[in-house]
Structure formats: C-alpha cells, structure tokens
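Colleague: Take this structure, written in structure tokens, and hold onto it; I'll ask about it next.
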Amino acid sequence: MKNILIKTVALSALAISLTGCIGSNAVTGKVMEFNIEVVDNRYARAGVNFLLAPVYGITTAADYVVFNSLEFWTGTNPINGKPHIFDSKVDTKFKVNDELDSSLTEAPVDLSNNRSIEVGEMNQIDENTIEMEITYNNGDKGTLHGVRDGENVSYYMDGELVSQTTISQLETLQAEQA
C-alpha cells in the first residue's frame, strides 16, 4: 500500500513538474541580469558566465521544476509577474477556444485565494459522523463532515464530497505515525 502511494505521488509530481519546461525562466533571468551588470566588458562577462555555469544549472532546474510550473498552472510567474507564454495573444493557425468551455481557456489555479485554517472545532455528531467547524485566516468559514459507512469513510467540505478512505487505511496511517 505504501509503495503504491509513493509511486502515485512521485508520478503526479513528475507530471505536474513537466508542465514547467516552458516559461519565462525568471530565476535564470535574474542570474543572467547579474552576469551582465557585474562588469561592462563582453569578454569579462563571458568569464563570469563560465564561473556561474553551476549556478545556471541550478536556476534552470528550479525554473523548470518549480517556477515555470507555477507560471503554467497560475498563468503568472511568481518571480517577475509576467503572464505565461501559452497565454500570449497571437494570430493562431488553429482556433479552438471558441468551441471550449471558458474554464478550459485560462490558467486553472488561482493562488490569490490562498488561506489557512485559523480555528477548527471538532464535534462528534453521532457514532458515525464527525463535524469540524473551520474558520480561515481571511474570516471565511466552512464545515468538514466525516461520515462512516461500514468500513468506508467519506469526507464532505460544505456538503461536497472531497475524499474517501477506509477505516483500515486510517488505522495503518495512525500506526505509522505512532
């Protein structure tokens, strides 16, 4: 079970990070900017570039795996604020956006709605149901319900199913964390 979970998480992370290969490479751009500003001579700049080669490798990896991925999924690079290149308005050969749902034509993730739980109060409703009243740091409120049905447990956030697990999976997790 643990191996399947690890493989699933690893494959998901790989799939998400592969979306980051194309982007504005903002971290690498900052190093390049430093490289150019450090000295005014083109040959000295080439020397600095050679010395910074390992740094360029690290920044390129950071751009590809982290920052370009964030740029792809949110539509904006978190370092330089530029929109993702895939959102550029150009004269295209094939026009498909007009035939798609509008939710499929823009970056799907909005990080401006980032919030964390400030207060959570747990109550047992009955022997098969728990409820957690949540207050977020921005003042929003929500309710999480956990409902046991035999061996299965379903979790609902404000009435919408968000996850399911089993009692044995929860017991395994508890044993691993003990």
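Colleague: Under a point-charge model restricted to the Cβ atoms of Lys and Arg (+1) and Asp and Glu (-1), what is the dipole moment magnitude of the chain relative to its Cα centre, in debye to the nearest 20?
Modeller: Magnitude of the dipole: close to 1200 debye.
Colleague: Relative contact order for the stretch 73-178 using alpha-carbon pairs under 8 Å, separation at least 6, rounded to a whole percent?
Modeller: Reported relative contact order: 13 percent.
Colleague: When the accessible area of the stretch 66-178 is split by element with a 1.4 Å probe, what percent falls to carbon and sulfur?
Modeller: The computed percentage sits at 51.
Colleague: Return the FRET efficiency for the residue pair residue 121, residue 175: r is the Cβ-Cβ distance, R0 is 25 Å, and the value is rounded to the nearest 0.05. If you can, show how the numbers build up before the last one.
Modeller: Working: r = 27 Å, r/R0 = 1.08.
The computed FRET efficiency comes out at 0.40.
Colleague: Turning to a different aspect of this structure: If contacts are Cα pairs under 8 angstrom and at least 6 residues apart, what is the relative contact order of the chain in percent?
Modeller: Relative contact order, the chain: 13 percent.
Colleague: Grab the Cα-Cα distance for residue 140 and residue 6, subtract it from 0.36 nm times how many residues apart they are, and report the gain in nm with one decimal. Intermediate results must be reported in sequence, preceding the final value.
Modeller: On the way: separation 134, 0.36 × 134 = 48.24 nm, distance 3.33 nm.
Length gained between residue 140 and residue 6: 44.9 nm.
Colleague: If R0 is 45 Å, what FRET efficiency do you get for residue 129 and residue 102 from their C-beta distance, rounded to 0.05?
Modeller: 0.75
Colleague: What does a probe at residue 80 reach in the stretch 42-60, counting residues whose amide N is under 18 Å from the point 7 Å along Cα→Cβ?
Modeller: Zone members listed by number: 56-60.
Colleague: Find which of 75, 178, 85 sits farthest along the positive direction of the dipole of the stretch 48-178, computed with +1 on the beta-carbon of Lys and Arg, -1 on that of Asp and Glu, about the Cα centre.
Modeller: 85
Colleague: Among the aspartates and glutamates, which have Cα under 14 Å from the Cα of residue 2 when same-chain residues fewer than 8 positions away are ignored?
Modeller: Once the sequence-local aspartates and glutamates are set aside, what remains near residue 2 is 171, 176.
Colleague: Between [x] 49; [y] 32; [z] 64, which entry matches percent of Cα pairs over 24 Å apart as derived from the coordinates of this structure?
Modeller: Structure-derived value, by its label: [z].
Colleague: Separate question: Within the chain, which is the longest segment containing none of the trypsin sites (Lys or Arg not before Pro) that sit in a DSSP loop and have at most 16 other Cβ atoms within 10 Å?
Modeller: It works out to 1-88.
Colleague: To the nearest 20 debye, what charge dipole does the stretch 75-178 have about its Cα centre, counting +1 at the Cβ of each Lys and Arg and -1 at the Cβ of each Asp and Glu?
Modeller: So the magnitude is around 660 debye.
Colleague: From the helices alone, meaning DSSP H stretches of at least four residues, give me the mean residue ellipticity at 222 nm for the chain, per-run term -39500 (n - 2.57), in deg cm²/dmol to the nearest 500.
Modeller: -11500 deg cm²/dmol
Colleague: A further question follows. Counting only GluC sites (Glu not before Pro) that sit in a DSSP loop (anything but H, G, I, E, B) with at most 14 other Cβ atoms within 10 Å, what is the longest stretch of the chain containing none of them?
Modeller: With GluC sites (Glu not before Pro) excluded where exposed in loops, the chain gives 1-105 as its longest stretch.
The values are calculated or read from the model by the stated rules, or taken from the named source; none is laboratory data. Since the structure is predicted, the reported quantities are computational estimates derived from the model, not experimental observations. Positions of Cβ are generated from backbone atoms using ideal geometry, with glycine treated the same way; all protein chains shown enter the neighbour counts. The accessibility values were calculated without ligands, DNA or RNA, using every heavy atom of the protein model including side chains. Shrake-Rupley method; radii C 1.70, N 1.55, O 1.52, S 1.80 Å.
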